[in-house]
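What follows is a set of notes on a single structure, which appears directly below.
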Amino acid sequence: MAGANNDIIVLQSSGLFDDVIDGVAPDTSFYANDVEYKYGFYLVDGIYLEWATLVKTLSCPDDKKRLYYKKKQKSGRKDVEWTFGVLKKRWSIIAQLSSILEKSKMRNVMYTCIFLHSMILEDSDRAFCVESYKAANQPTNPLLTNTKKEVIQARIRDKDTHLNLRADLTEHIWFDREQGDNE
């Protein structure tokens, strides 16, 4: 129904985490505050769900450490929004309706635009990433059963991991800030 798709409904029905669930995504594990996290994350604003893979800001930070986290999280989100704004301006295909494209084709278009943008930055010595993403049409990992895929999906959507990750990121960037002050 027209107008029924908000960000949450689109997210829940999207294939954003399909490669992770299918076991074919690149390893995106990382450490924050000396705790290992299995999946990468996206910086999001307050309307999104509290999933392990979506890091929201703090609505009412009550000390310097949490205020600093909120500032850095917002800055990171703005950088991503700016990047996509550049992509939309440079390659208007991102700004066009994409309902006529299959999901795999839309993914390829997005990766192509990101690669082109990165190549332009690299050519002008402003690159921020030198790695590339492998072929977008990877098959499902045959070793994963539907039960294992459901477990992965539950981990991606875990609220407790979201809260722990946000707390660990807060501590991690605060520690980095303090280390920078001491150098």
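Here are the numbers for this structure:
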read-out: Flagged links, alpha-carbon separation over 26 Å, of K74/K159; K105/K149; K38/K148; K70/K149; K89/K149; K38/K74; value: K70/K149; K89/K149
read-out: Residue-span extension gain [F175 to W82] - 0.36 nm each, minus C-alpha spacing; value: 30.8 nm
read-out: Sorted by Cβ density within 10 Å, fewest first, the residues W82, W174; value: W82, W174
read-out: Order by protection proxy (mean Cβ within 10 Å, highest first), peptides 47-57, 14-24; value: 47-57, 14-24
read-out: Label-point separation in nm, N141 to D27, each point 7 Å along Cα→Cβ; value: 1.1 nm
read-out: Highest average packing first - 72-80, 35-43, Cβ atoms within 10 Å; value: 35-43, 72-80
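Every number in this text was worked out from the coordinates using simple rules, so none of it is lab data. A quick note: this is a predicted structure, and the numbers were derived from the prediction, not measured. Note that we place each Cβ from the backbone using ideal geometry, even for glycine, and neighbour counts take in every protein chain shown.
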